[in-house]
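Novice: Can you keep this structure in mind? I'll have questions shortly.
The values are calculated or read from the model by the stated rules, or taken from the named source; none is laboratory data. Values in this document were obtained by computation on a predicted structure and should not be read as measured data. Here the Cβ positions follow ideal geometry from the backbone for every residue, glycine too, while neighbour counts run over all protein chains shown.
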Amino acid sequence: MFVLAAIVFIVTLLSTPTSLVHGAGTSPYLKDMFIGRCWQYETLQANNHVLTEKVNCRELWTAFYKSFAFKDPCEMDKDSYENFFNMFKNKNKITNALFWSGAGELVHDFTFINDDYIVLEDTLTGNLLNGLTWCGSNTTADGLNYKDCESSGDICNAMYPAWFQASANFALRASGEATVLLNASRSRNRSAYYSKSFFRSVEMPRLKVDQLNVLVATNANARERCGTQSLIELDMDAKMKNMRTTCVDQPKLVLRVFCLKFPKASQCAPVSFLPQDSTRESEETILWRTICFILIAVAAFLLLIIGIYIIRKYFITKNSNFKYLHNWSFSKKPMLSNDDELTDNNNINVYRFEAR
Ligand code: NAD
């Protein structure tokens, strides 16, 4: 049975047209996906003034296609996509931008659930290009290379100039407060604030915000923490640009999203969710503790006042009632005889009182 299933699987794989296998070449159906994504975006973001873009999706595709089709990737330069990027008009500032590096999957899982931030992939450019591969060829009929768009870094890479410009534009739109999610256990021993990353080489130099919040996610093998190694360099770069900074190691909000997806990961043990010190989250904890302390103090004070009131009311009133009853009982005494008057001074007084 197992052998039969294996044979069927291998035959199916071999008979699949190579253009349908998603490899390192241009993504199949690139044009359809591009235009479909564009129409979907135009419809869904029509009323969102920060994200909306009024574009003609077919014209946008043509401008994009002409930037790299029929070209050897090594011919491309940073201006290759100029006409394409000139079609984006929305320059509205983004006051809750979220950058990332080495944490693409995590950041998108997070922003899928949490609406507090805007990532490049929420803008039309990022949305159109995210997850796609493309490069040109001067030997194919449609000018696209479906076999191999591989390159080392930014050299002979048709996608690099597009992502460069998209990242630069996104960074220029950020204002107020921005956040970056970094990975302290990146593959290939790369640092969290990696020198060749788009975040460090393209976005950070263009960023002008008042405050940069750094979130440092990691697996069990964290190589860096806030205030160490490359995160010191990030802090210095930010301070040089007059940005205030905060830094949180393993932010719980992000960790919770990660743990929804990978509940058995070692960093998802219950101990990971115990309170942590310093930084913004613990500042919030301190704030809440202070508020609770004040509320308890006010409640205790009110209880004290009420207690004193009750004691005064019952005890003091009881005592005065007692005196009154005592006198009353005297007043109800039978009339004294003359002999009595001679033997008891108190009773004589009472008698006098009653006589008045
Ligand atoms: P990263 O290292 O995780 O890289 C993100 C993507 O860019 C990966 O696909 C990576 O292969 C590619 N890449 C990174 N450096 C490259 C280089 N020098 N040459 C060619 N390709 C490269 O993180 P990063 O580099 O800091 O990029 C993420 C940041 O830049 C984010 O803040 C985002 O706004 C923007 N960005 C997003 C994408 C995306 O795929 N959605 C791509 C590039 C840039």
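Novice: Within the bounds of region 221-234, is there any residue that is in the same structural domain as ALA184 (by TED's automatic domain parsing), assigned to a loop (DSSP other than H, G, I, E, B) and hydroxyl-bearing (Ser, Thr, Tyr)?
Specialist: Yes, region 221-234 contains a residue that is in the same structural domain as ALA184 (by TED's automatic domain parsing), assigned to a loop (DSSP other than H, G, I, E, B) and hydroxyl-bearing (Ser, Thr, Tyr).
Novice: Do we have ASN157 as in a loop (DSSP other than H, G, I, E, B) and surrounded by 19 or more Cβ atoms within 10 Å (Cβ to Cβ) here?
Specialist: Considered against the rule, which asks whether it is in a loop (DSSP other than H, G, I, E, B) and surrounded by 19 or more Cβ atoms within 10 Å (Cβ to Cβ), ASN157 comes out as yes.
Novice: Would you tally the residues in region 179-202 being hydroxyl-bearing (Ser, Thr, Tyr) and under 20 Å from the mean Cα position of the chain (by Cα)?
Specialist: Adding up the residues that qualify gives 3.
Novice: Is there any pair with a first residue in region 94-118 that is closer than 16 Å to VAL209 by Cα and near the ligand (Cβ under 8 Å from one of its atoms) and a second that is modelled with pLDDT of 95 or more and among the charged types (D, E, K, R) whose Cβ atoms are under 8 Å apart and which are 6 or more apart or on different chains, and what are they?
Specialist: Final answer for the pair search is PHE99/GLU203.
Novice: Mind listing whichever residues of region 66-114 are in contact with a helix residue (DSSP H, G or I) (Cβ under 8 Å, 6 or more places away or on another chain) and among the basic types (Lys, Arg)?
Specialist: Correct list: LYS66, LYS78, LYS91, LYS93.
Novice: Just give me the residues in region 125-178 being over 16 Å from LYS78 (Cβ atoms), near the ligand (Cβ under 10 Å from one of its atoms) and touching a Cys at 6+ places or on another chain (Cβ under 8 Å), in sequence order.
Specialist: Selection gives THR133 alone.
Novice: Would you mind stating whether SER201 is farther than 29 Å from ALA69 by Cβ, within 12 Å of the ligand (Cβ to nearest atom) and free of Cβ contacts under 8 Å to residues at least 60 places away in the same chain?
Specialist: Judged against the criteria, SER201 is not a match.
Novice: Does region 129-142 contain at least one residue that is over 23 Å from LYS93 (Cα atoms) and in a strand (DSSP E or B)?
Specialist: yes
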